[in-house]
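Throughout, read-outs are computed from the coordinates displayed, never taken from laboratory work. As the structure is a prediction and not an experimental result, all values here were calculated from the model. Cβ atoms come from the backbone with ideal geometry, glycine included; neighbour counts cover every protein chain shown.
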């Protein structure tokens, strides 16, 4: 029972942090940065984005225009989030979109698929449990923001506080990206010149 109570207390503390103006603004900026990053990558490489959509089973053929459309929609959604435009619509839509991604990734893993999912604009990222966990965490974050009552009126505004929140969010996203590269760097460090692969042949 103590462990359950601790988990509830942790979740309550996290919820209180997000409902505070500072935490709310940082969380929105985290989602904004991720959607800008992902959307711009899809706009730059619409064919790869369309290939990922096809691999997920959403469409049957490769349609680069659909990849561009998805990228444009993500950038537009990021602008709505950052500017605080229609938060009663944009935040639930963000949560719904992320949960859709979660379902598609979970379905792909369940079917045993292995392909470059182009998740968050990374053309080298393969479909994995880590991809599922990362997307689910973002979906949970967006869901909490969608239902959390903000103590202040609006989270967005051209203020120094909001700019500092953006900087803090960028630092959080940057640390997450660097942290995700550690396993790859460790693998490279064990065999930087591919000697083991050559010996295996």
For this session: Could you please rank 130, 29, placing first whichever residue has the fewest other Cβ atoms within 10 Å of its Cβ?
Result: 130, 29
Exercise. Rg/Rh for region 42-88: what does it come to with C-alpha atoms and Rh from Kirkwood?
Worked result: 1.13
Exercise. If the convex hull of the alpha-carbon atoms of region 55-149 is projected onto planes in all directions, what is the mean projected area in square nanometres?
Worked result: 6.4
Exercise. What list do you get for 32, 161 if you sort them by fewest beta carbons within 10 Å?
Worked result: 161, 32
For this session: Express in nm, to one decimal, how much length is gained between residue 89 and residue 103 on full extension, taking 0.36 nm for each residue of separation and deducting their alpha carbon distance.
Result: 2.9 nm
Problem set entry | Residues 26, 172, sorted so that the one with the fewest Cβ neighbours within 10 Å comes first | 172, 26
